[in-house]
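The structure appears right after this line, and notes come after that.
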There are 2 protein chains.
Amino acid sequence: MTDDGERIVLLRFVERFALVLREAGMPPMPARVLAYALADDADRYTAGDLARGLDVSPAAISGAVRQLVQVGLLTRQREPGTRSDLYVLDDRDLWSRFMASELQALQRFVTAAEDGIEVLGLDRPGGRRLAETRDFLAFLHAELSDAVARWPAERDRRAAAHGT
Amino acid sequence: MTDDGERIVLLRFVERFALVLREAGMPPMPARVLAYALADDADRYTAGDLARGLDVSPAAISGAVRQLVQVGLLTRQREPGTRSDLYVLDDRDLWSRFMASELQALQRFVTAAEDGIEVLGLDRPGGRRLAETRDFLAFLHAELSDAVARWPAERDRRAAAHGT
DNA sequence: CACATACTTCACAAACTTATGAAATCCGAG
DNA sequence: CTCGGATTTCATAAGTTTGTGAAGTATGTG
């Protein structure tokens, strides 16, 4: 960021974007860190950069980056001869990776419905409703996987179209 | 449900399914009510039915059904000459309606990214990352809308295939 | 080897969420 | 009009989550 006014604008955006991420189930601090890493101009951050940039305690960053690394949204790098890890938001395919974990959640959904069908049986209204639920969720999972897989090619196609 | 053993099995399933719904962002009590209405055999419930069936306080049901009606997953009906509202899980297209609200959330996501691009500008790495985020999310929104719209026909096609 | 810097872990305080019991409200029946 | 059953509202207690400061740990530097 270039100056203080810009920084305030950035932080306001970070909070707004993080809010949406939180509504999608992400804990507050990881959401803020992700939004900040996305919107600020640097492409690598130490934990300290993030703490100062977001004006939160280093302790909060520590937990947040651990979770983000865990789910693959941030990667940890160590530059030889330096004391701190560097956190990189690998923006190429970032959202595909994000969706991969959402797809896993959807799959758990399908499994839960399946287990219900097993114990209830298909000869009861409840079981039949669960079967339709399972079918829809499975359909959605397939469609989403497909869409996510198609995105990189689609993006490049669009970029090429703009470039000409 | 036919007997007590079955009821325990049902409630266990309800908790498991509700857990998945909660992980998807739904508050606990609405998640339980939805799972119960889905898996139990009745197709209409009074608030009292739900309270007794789930063994929770009527107060908890009151709040839960309000939220579910709000998002369109449950509809309220009033039988003439009766004291209680009836809650109906309109299972036809239930999940399409569920997805409609998810799609709205996704749209808010797109909007948030868009606002960020506006304040940051496209001439900075942060702005460019946000632009790619917006493009992906918009793509996903379109693909999902499309898939949801195709589902009813797809389901009927499958049913017909099985029937022959 | 001692030091300084950067990060992590831990215990805790504050804020928020959740579900309850009790009281208030609603509405049809007699 | 009053009664009675059912639901809703409200205050509250219990539980959970969140982020902090302080102490501890690791690592490169002089």
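The values are calculated or read from the model by the stated rules, or taken from the named source; none is laboratory data. These numbers come from a predicted model, not from an experiment. For neighbour counting, all protein chains shown are included, and Cβ atoms are generated from backbone atoms with ideal geometry for every residue, glycine included. With ligands, DNA and RNA removed, areas are computed over all heavy atoms of the protein, side chains included. Shrake-Rupley method; radii C 1.70, N 1.55, O 1.52, S 1.80 Å.
The figures follow:
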{"item": "Two-decimal log10 I(q)/I(0) for chain B, as the Debye equation yields it once each C-alpha is a single scatterer, q = 0.13, 0.15, 0.19 Å⁻¹", "result": "-0.79, -0.93, -1.17"}
{"item": "Folded to 0 to 90 degrees: helix B:4-23 orientation relative to chain B principal axis, Cα", "result": "10"}
{"item": "Shielding by partners - mean other protein chain Cβ count within 10 Å, residues of B:125-136", "result": "6"}
{"item": "The stretch A:4-88 - convex hull of the alpha-carbon atoms, volume per residue in Å³", "result": "86"}
{"item": "Other-copy label distances relative to residue A:58, 7 angstrom Cα-Cβ extension, nm", "result": "5.7"}
{"item": "Per-residue [θ]222 nm for the protein assembly as shown (sum of -39500 (n - 2.57) over DSSP H runs n ≥ 4, rounded to 500)", "result": "-25000 deg cm²/dmol"}
{"item": "Label 7 Å beyond Cα on the Cβ vector: residue A:44 copy-to-copy distances, nm", "result": "6.7"}
{"item": "Angle between chain A longest axis and helix A:125-163 axis [Cα atoms, degrees, rounded to 10]", "result": "40"}
{"item": "Accessible carbon and sulfur surface of the protein assembly as shown relative to its total accessible area, %, 1.4 Å", "result": "51"}
{"item": "Total accessible area lost when A and B pair, probe 1.4 Å, Å² to nearest 100", "result": "4700"}
{"item": "Cα point-scatterer Debye curve for the stretch B:94-163, base-10 log of I(q)/I(0) at q = 0.12, 0.15, 0.17, 0.21 Å⁻¹", "result": "-0.45, -0.59, -0.67, -0.84"}
{"item": "Heavy-atom surface of chain A, accessible at 1.4 Å and reported per residue (Å²)", "result": "51"}
{"item": "Angle between chain B longest axis and helix B:28-39 axis [Cα atoms, degrees, rounded to 10]", "result": "60"}
{"item": "Listed residues B:137, B:120, B:50, most fluctuating in chain B (Gaussian network, C-alpha, under 10 Å)", "result": "B:120"}
{"item": "Distances in nm from residue B:107 to the matching label points in the other copies, shortest first (labels 7 Å along Cα to Cβ)", "result": "3.1"}
{"item": "Residue with peak Gaussian network fluctuation, chain B [Cα springs, cutoff 10 Å], from B:130, B:38, B:86", "result": "B:130"}
{"item": "Debye equation applied to the C-alpha atoms of the protein assembly as shown, log10 I(q)/I(0) at 0.14 Å⁻¹", "result": "-1.12"}
{"item": "Spin-label model distance (nm) - residue A:108 vs residue A:164, 7 Å beyond Cα toward Cβ", "result": "4.5"}
{"item": "Rotational relation B to A, axis-closest Cβ in chain B, residue and distance rounded to whole Å", "result": "B:25, 3"}
